[in-house]
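Presented below is the structure to which this report refers.
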Amino acid sequence: MYEKLESTQIPNFDIKSQLPRWIHDAALKAAESGERARAEVKDIAGLKRRQQVIREGIERCLGGLPPLDTPLNPRITGVIQGNGFRIEKVIFESRPRVYVTANLYVPDGISGPRGAVMLLCGHREQAKHCDEYQTPCHYLVHSGLVVLAVDPIGQGERFGYYDPVEKHAPMTSVTEHEQVGRQCLPLGDNLARYMLHDAVRAIDYLCSRPEVDPARIGVCGHSGGGTQTSLVMMYDSRIAAAAPGGFIMNRPYFLMTGKAQDAEQKWPGFSALGLDHEDIVMAMAPRPVLILATTYDSVPIEGARHTVDVNRRFWEMHGLSDNLEIYEDDFGHRFTLPLVRAATRFFSKHLVGRPNVPSDEKITLLPAEQLLCTKSGQIIGELERPKNVHQENIERLEEFEKTRLAYPDAVRKQRAMDWLRETVYRGRQSFALNPRLYGGGEVEGMHVWRTVWWSQRGLLNHALQFFDAELAGRKLPVTVAVWDRGTNQLTPHDRWIRETCKSGRIAMVLNPTGIGPLLPHLNSPQDNPFKRFGILDKYTDELMLLGDSMAAVRTYDVLRAVELASNLSNVDPGDIQLYGNGRYAIYAGLAALLEPRVRGVRMDNRMSSIADWIREPFYDETDSQSFILPGMLQYFDLPDLDRWLDEDGRLQESPAGHDPVNAGSDA
């Protein structure tokens, strides 16, 4: 009976463009603040100050780095003799029991320390031993450089969820990164925290090798490896030269692509600090940098060209304009052979002292199995009690839980309330609600009103009000409801709507930002907007870069709905309650904690805790960024929220038969 209402649209407004436009405007403002800050750099002293801002900024966005002084405990598990070089199979511990597998390529006949390049691999499952990443290693070592090719987390021999009995990993590479990367966020961390740390410790290892001159270490990578290279460029001043590929652009250009990014590529608060890809490159000035780009890439070539152009003057300050280069190949997203040759020419010039690109005839790739550092091909099941990022997340969680519990409860609650209020209200502009009410008809004895109002400047919210037709014209108490998919999912909640109306209350079903008729335009009609890397993931990524989150925006939406209800002529402002169901129930709980006008809140089928979700190694990624407030677990978890609401006498019991752990059952 709700079919028409579940597909209702909002008249008189371009509602589906509002979220993309709002985020785009905010991103451009952040980018402009960065442009102003970079424009103020007039001399070398100013450049050094900006570089310090960049280093401190990226570390802050990632949640800081783990300790850098733990033993590497390196071991060589085998050596292969190549054509004019040897390959050592290396395993070291970047963190205790976090084993990093790598291949060290050493030219034959070297008599002293020389330049070296750390190669960071992109999202190929085989990583260091696949053809795409073997190829640059061979070219570079033939040019006279030592090369260390490193397996990233979840790739090569480092599958984090590998089952040594079944000899199978249920997820690897991008899938593993995204699965565990999302679980980093409520801790205030980012997966890039661990990837950058691995790379910094790999540089430590290179510095320990007698064949390597620590003053001549470069870094190179493509795609996900370009991301890792960019992180190193911003953080580690030991790098003498860098060639990031398939990543450098800038945020305004990337906004045009409609694409989401991988877990390690979205750094919460990075854009809010006025930082962008221009700063990644700027962090290296005046050291040599070569941007490797392909003209048909999903990473916009316009962004790479722009970033090089605006940075040129920082190298000119040092009289070293030629140290900043860009090389382009007419191809798609791949570390192509022309890019490899360009990188080889660049690194041999700056780290060896003369450009040297070996002939293609010298390059003979090796079978992947010969490059394995482990006998089985995987760390798990072979080395002693190896840790993956999931386990590291749990350890971080336990640290934060211990720290939280060290505070008296009143102090803990006040810290949490202060943080939550700042998180939800940060950057919100005061704006008149200007509500609009439209008739929506009648459904089996219930009147329906469509209601539209401004939650923020540029963001409309929408709700359907249901109430008993016999009570029309009276001021009624109201329950504002928020659940997964909003008014697109009325039928599964028919019983709640009917019971609420029967009790003499208005059931106001809220569509928070991006939900129901507020869902943005899709890239294609067949797209699932809630899937991993779907359109809502893309906008949530952008919000996090801006120091915001979809959970914070929607919690604010609920607060504004309460404000709206308290001013509607048909509502009794003395009796406003909230109802949440599924994953989105968290918005109702958070809003109730912040808004004393809410007399009570009931949450059905909600997650039991964010901590329990982090402890779960496998979960459904669908719409799983919607409930994440980055950094929340440093202050409180959902059981704390429940307890504080209960102490206020405002937590309402779910009826028997509702499982609060079964989050998202309505989706």
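Given 10 °C and 1.306 mPa s, how large is the Stokes-Einstein diffusion coefficient of segment 561-637 in µm²/s, with Rh as the Kirkwood radius over Cα pairs? This corresponds to a translational diffusion coefficient of 113 µm²/s.
Packing around the peptides 262-272, 615-625, taken as the average count of other Cβ atoms within 10 Å per residue, puts them in this order, highest first: 262-272, 615-625.
The alpha carbon centroids of segment 117-177 and segment 70-110 are separated by 13 Å. Counting only DSSP beta bridges whose two residues both lie in the chain, roughly 50 percent are antiparallel. Panel note: the C-alpha atoms of segment 1-109, placed on their principal axes, show extents of 75, 57, 33 Å (largest first).
A simple spin-label model places pseudo-atoms 7 Å from Cα toward Cβ; at V411 and D330 they are separated by 6.7 nm.
State the volume of the convex hull built on the alpha-carbon positions of segment 131-197, expressed per residue in Å³ and rounded to an integer.
It is 113 Å³ per residue.
Report summary: the helix-based calculation at 222 nm, which adds -39500 (n - 2.57) for every DSSP H run with n ≥ 4 and divides by the residues of the chain, gives -11000 deg cm²/dmol.
Taking the chain as the reference, fit the longest principal axis to its C-alpha atoms, fit the long axis of helix 173-184 to the helix C-alpha atoms, and give the angle between the two in degrees, 0 to 90, nearest 10. Once rounded, one gets 50 degrees. Note that segment 337-383, at 37 °C in a medium of 0.692 mPa s, gets a Stokes-Einstein diffusion coefficient of 245 µm²/s from its Kirkwood radius over C-alpha pairs.
Expressed as a whole percent, the accessible area of segment 37-119 that falls on carbon and sulfur atoms is 50 (1.4 Å probe).
Relative to its Kirkwood radius, the Cα radius of gyration of segment 398-513 gives an Rg/Rh of 1.13.
Placing pseudo-labels 7 Å out from each Cα toward the beta carbon at E442 and R86 gives an inter-label distance of 9.1 nm.
What the phi angles of segment 41-51 give under the Karplus curve with 6.51, -1.76 and 1.60, with θ = phi - 60°, is a coupling list of 7, 10, 8, 5, 4, x, 5, 5, 5, 5, 4 Hz, glycine and proline written as x.
Report the GluC sites (Glu not before Pro) located in segment 377-452 that are in a DSSP loop and have at most 14 other Cβ atoms inside 10 Å of their Cβ, or state none.
E384, E444
Once the dipole of the chain is set up with Lys and Arg at +1 and Asp and Glu at -1 on Cβ about the Cα centre, which of T423, T257, V150 lies farthest towards its positive end? Result: T423, furthest along the dipole toward the positive end. Per residue, segment 1-160 exposes an accessible area of 40 Å² to a 1.4 Å probe, with every protein chain left in place. The Rg/Rh ratio of segment 519-667, with Rg taken over Cα atoms and Rh as the Kirkwood radius over Cα pairs, comes to 0.98.
So if we plug the beta-carbon distance of S321 and R457 into 1/(1 + (r/R0)^6) with R0 = 41 Å, what FRET efficiency do we get, rounded to 0.05?
Result of the calculation: an efficiency of 0.40.
Surface analysis of segment 360-418 yields an accessible area of 58 Å² per residue, using protein heavy atoms and a 1.4 Å probe. Given axes a ≥ b ≥ c from the Cα gyration tensor, I'd like to know whether segment 466-607 is rounded (a/c under 1.5), prolate (a/b larger than b/c) or oblate. Verdict is prolate for segment 466-607.
Converting phi to 3J(HN,Hα) with the Karplus coefficients 6.51, -1.76 and 1.60 and the offset θ = phi - 60°, segment 602-617 yields 10, 10, 9, 6, 8, 4, 6, 6, 5, 4, 5, 5, 5, 6, 7, x Hz in sequence order, with x at every glycine or proline. Projected onto their three principal axes, the Cα atoms of segment 327-454 cover extents of 81, 48, 40 Å, largest first. Our coupling estimate for segment 533-541, obtained by passing each phi through the Karplus curve with A = 6.51, B = -1.76, C = 1.60 and θ = phi - 60°, is 6, x, 5, 6, 4, 4, 6, 5, 4 Hz, Gly and Pro reported as x. Going through (i) 42.9; (ii) 30.7; (iii) 27.7, the figure that equals mean projected area of the Cα convex hull in nm² as computed for the structure here is (ii). With a Förster radius of 41 Å applied to the beta-carbon distance between K4 and E616, the computed FRET efficiency rounds to 0.60. The antiparallel fraction among DSSP beta bridges confined to segment 427-564 stands at about 85%. A dipole drawn for the chain from +1 and -1 charges on Cβ atoms has a positive end, and of P113, V53, M508 the residue lying farthest that way is V53. Put a plus charge on the Cβ of each Lys and Arg, a minus charge on the Cβ of each Asp and Glu, and nothing anywhere else: the dipole of segment 400-446 about its Cα centre is then about 420 debye. The gain in end-to-end length when the D25 to E59 segment is fully stretched comes to 9.6 nm, 0.36 nm per residue minus the alpha carbon separation. On a per residue basis, segment 481-572 carries 29 Å² of accessible surface, using protein heavy atoms and a 1.4 Å probe. Subtracting the Cα-Cα distance of A432 and S298 from 0.36 nm times their residue separation leaves 44.2 nm of extension gain. Placing +1 on each Lys and Arg Cβ and -1 on each Asp and Glu Cβ, with no other charges, gives the chain a dipole about its Cα centre of roughly 1340 debye.
Report, to the nearest 10°, how far helix 191-208 tilts away from the longest principal axis of the Cα atoms in the chain, using its own Cα long axis and a range of 0 to 90°. Taking the Cα atoms of the chain, the angle to 191-208 is about 20 degrees. Each label was represented as a point 7 Å from its Cα along the Cα-to-Cβ direction; for R643 and S566 these points are 2.8 nm apart.
The values are calculated or read from the model by the stated rules, or taken from the named source; none is laboratory data. Just so you know, these numbers come straight off a predicted model, no measurement behind them. Cβ: placed from backbone, ideal geometry, glycine included. Neighbour counts: every protein chain shown. Calculation scope for accessible area: heavy atoms of the full protein, side chains included, ligands and nucleic acids excluded. Shrake-Rupley method; radii C 1.70, N 1.55, O 1.52, S 1.80 Å.
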